[in-house]
Each structure stands twice: as C-alpha cells, then as structure tokens.
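The values are calculated or read from the model by the stated rules, or taken from the named source; none is laboratory data. Values in this document were obtained by computation on a predicted structure and should not be read as measured data. Quick reminder, even Gly has a Cβ in these numbers, built from the backbone with ideal geometry, and neighbours come from all protein chains shown.
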Amino acid sequence: MSDVIHDMTLLRKPFREQVEALLGMLAKENIPLAVYETVRSPLRQSLLYAVGRVETEPHFGRTITRARPYESAHQFGLAVDLVFRINGKWTWEEPEWGLWDRMQELAKAAELETLSFEKPHVQIPNFDHDRATMARGPTYVTGWLEWVKQTSVG
C-alpha cells in the first residue's frame, strides 16, 4: 500500500495548532496516542477505500474507510489519524478500556470533530461544507503533494 505520511507541517496551520493542543491534552493524561497519519495521497485513499470491497479478497466486508479520493479531509491537510504508540510500536488496540472514548472527548474540547465509525480519525469540524470548494484544488494524480505544501503554509 502507498506510504503513510506523518508530517505535521503538511497540515493546514489552524488545524495543525488544534491537533497540537489535542496532543498536549493526551500527553497530560498519559494517553499514548500519537499522529500516525496526516495528509493522505489520493492514491493511498483509493487503496484504503478498496479494502474490504473486493469479493475475492480475504477481508471482504470489513472496510477501512467510507471516503473515496478527495472525499476525505486527509487529502486537504485537515485530518489526522491518532494511533496508540506503545514501546515503539503502533497498535489500534486500546491498552486500557475507554481510551478511544476519552480521546474523542478531548478532541471535542479542542474543537475538533471525530467519526463514530472510524475511531482514530480526527478532522476539522464541518468538513463536508468545505468539500466542494476544496475539490477544485489539485488534479487527481499530478500536483497533489505540491498543492498540499502550498496550502499548509500560513
């Protein structure tokens, strides 16, 4: 699968500041969540969308995302996935019951939005409202990363 991007500088500045605030709150409560993925290429989004949707694949029926390319806030530097980082390893398993719920509460306190069906995901509120405007950004394959870099500054 396409490479995971962890670079916080690619996030749009106001959103990045909110994520940094959330990370501070998580650290204060010793919740071992870290930024696993920031921006996501359209290609990676397409590959993730395909998981669980091909009848001949072993995980058919177990999807990862509902968003196609350019339907996710990840493509615009407006979403992150937070994953537990324990002993230097990533895990989606809660080390203690209730930590996903607490992360979602803290995200709301940081004025961020979470998705009930995708626990690691945190995004700017009301992303759907901005989607039509943002979809006019880069072309599907060419120019995406350069566009993200240009829009993250400021």
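When region 110-128 is examined, which residues are found to be part of a loop (DSSP other than H, G, I, E, B), closer than 13 Å to residue 22 by Cα and either touching a strand residue (DSSP E or B) at 6+ places or on another chain (Cβ under 8 Å) or modelled with pLDDT under 90 (or both)?
Residues satisfying the conditions are 112, 124.
Considering only region 20-41, how many residues are closer than 24 Å to residue 68 by Cβ and either among the aliphatic types (A, V, I, L, M) or at pLDDT 95 or above (or both)? Lay out the reasoning, then the answer.
Looking only at region 20-41, we keep the residues that are closer than 24 Å to residue 68 by Cβ, and these are 35-41.
So of that shortlist, the ones also either among the aliphatic types (A, V, I, L, M) or at pLDDT 95 or above (or both) come out as 35-39.
Summing the residues that are closer than 24 Å to residue 68 by Cβ and either among the aliphatic types (A, V, I, L, M) or at pLDDT 95 or above (or both) in region 20-41 gives 5.
Filtering region 13-54 down to residues that are in contact with a Gly (Cβ under 9 Å, 6 or more places away or on another chain) and among the charged types (D, E, K, R), which residue is nearest to residue 124 (Cα to Cα)?
16
Name the one entry in 75, 104 that is in contact (Cβ under 8 Å) with a residue 60 or more places away in the chain and of a type in the set (S, T, N, Q).
Working: 104 fails: in contact (Cβ under 8 Å) with a residue 60 or more places away in the chain.
On inspection, the qualifying residue turns out to be 75.
Those residues that are touching a residue at least 24 places away in the same chain (Cβ under 8 Å), of a type in the set (Lys, Arg) and either under 17 Å from residue 104 (Cβ atoms) or touching a strand residue (DSSP E or B) at 6+ places or on another chain (Cβ under 6 Å) (or both), I need them from region 22-52; list them, please.
If the condition is that a residue be touching a residue at least 24 places away in the same chain (Cβ under 8 Å), of a type in the set (Lys, Arg) and either under 17 Å from residue 104 (Cβ atoms) or touching a strand residue (DSSP E or B) at 6+ places or on another chain (Cβ under 6 Å) (or both), then no residue fits.
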